[in-house]
1. Just to be sure I understand, how many residues within the range 42-97 are touching a residue at least 40 places away in the same chain (Cβ under 8 Å), in contact with a His (Cβ under 9 Å, 6 or more places away or on another chain) and farther than 23 Å from GLY179 by Cα?
2. Inside the range 24-43, can you point out the residues that are within 22 Å of ALA185 (Cβ to Cβ) and among the polar types (S, T, N, Q)?
3. If you check THR104, THR109, which single one turns out to be within 13 Å of PHE26 (Cα to Cα), polar (S, T, N, Q) and within 18 Å of the chain's Cα centre (by Cα)?
4. Can you pull out the residues in the range 181-204 that are hydrophobic (A, V, I, L, M, F, W, C) and either at pLDDT below 50 or touching a Ser or Thr at 6+ places or on another chain (Cβ under 6 Å) (or both)?
5. The conditions are (1) at pLDDT 95 or above; (2) open to solvent by less than 10 Å² (accessible area, probe 1.4 Å); (3) of a type outside the set (A, V, I, L, M), and ASN50 fails exactly one of them. Which is it?
6. Being under 22 Å from PRO70 (Cα atoms), among the β-branched types (Val, Ile, Thr) and in contact (Cβ under 8 Å) with a residue 24 or more places away in the chain narrows it down to one residue among VAL132, VAL113; which is it?
7. Being open to solvent by 10 Å² or more (accessible area, probe 1.4 Å) and part of a helix (DSSP H, G or I) narrows it down to one of ILE82, ILE163, ILE99, so name that one.
Amino acid sequence: MWKEVLSVTFYRAVFAEFLATSIYVFFGLGSVLRWPSALPTILQISITFNLAAATVVQIAWHVSGAHVNPAVTMAFLLGSRISLARAACYMVAQLAGGIAGAATLYGVTPAEVQGSLGINTVRSNITSGQAVAVELILTFQLVLCYFASTDRHRNANSPATFIGISVALGHLIGIYFTGCSMNPARSFGPAVIVNKFTVHWVISLLGWKG
């Protein structure tokens, strides 16, 4: 384990997770901002998260595996695909990247548009139990897609396209229920910046169970 932790490639991979997650969160949350002249549509948000996910996976895939999501990293740890040390460092980097991406977006966005910065919230007519079930299903399909598309025995090509599609699929349904998280870093980042953690346990922590 120590040999892995002390290698340059290890820290390059950790930094790649930080950078990729910050880019993903910046562009993803940017599509949710409610500009008075052009309110976002569900299709617009889904496509943006799709493109953001595909882009960062393409960027970081050969460096870190492009998890960009603590839920994916946890699943890979449980599946014995990565070491405990790498998983722990990845998840810290991803959460930090989520905060950095949200902070950057907050800093460049006019005050009247910032709003809640796209934090995930459970809709008023959705119970906590329903929100839990939906987030579990959405995260589960994303994790399965990661496992299938990154299996080098089945596919040697970049999984960016398929993972992007999986992210878009989740948003097309999940936005109606919880705003669609599927990624604790995506939820944690803006929640920290606007200091609002309402029902955060439902939205963010559930991602770890994917």
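1. Total meeting the criteria: 3.
2. SER31 - this is the single residue of the range 24-43 that is within 22 Å of ALA185 (Cβ to Cβ) and among the polar types (S, T, N, Q).
3. Only one candidate passes the filter, namely THR104.
4. Scanning the range 181-204 gives MET182, ALA185, PHE188, VAL194, VAL202, ILE203.
5. It fails just one condition, (2).
6. After applying the criteria, what remains is VAL132.
7. Values: ILE82 fails: part of a helix (DSSP H, G or I); ILE163 fails: open to solvent by 10 Å² or more (accessible area, probe 1.4 Å).
Testing whether each residue is open to solvent by 10 Å² or more (accessible area, probe 1.4 Å) and part of a helix (DSSP H, G or I) leaves just ILE99.
The values are calculated or read from the model by the stated rules, or taken from the named source; none is laboratory data. These numbers come from a predicted model, not from an experiment. For neighbour counting, all protein chains shown are included, and Cβ atoms are generated from backbone atoms with ideal geometry for every residue, glycine included. Please note that ligands, DNA and RNA were not included when accessible areas were found on the heavy atoms of the full protein model with its side chains. Shrake-Rupley method; radii C 1.70, N 1.55, O 1.52, S 1.80 Å.
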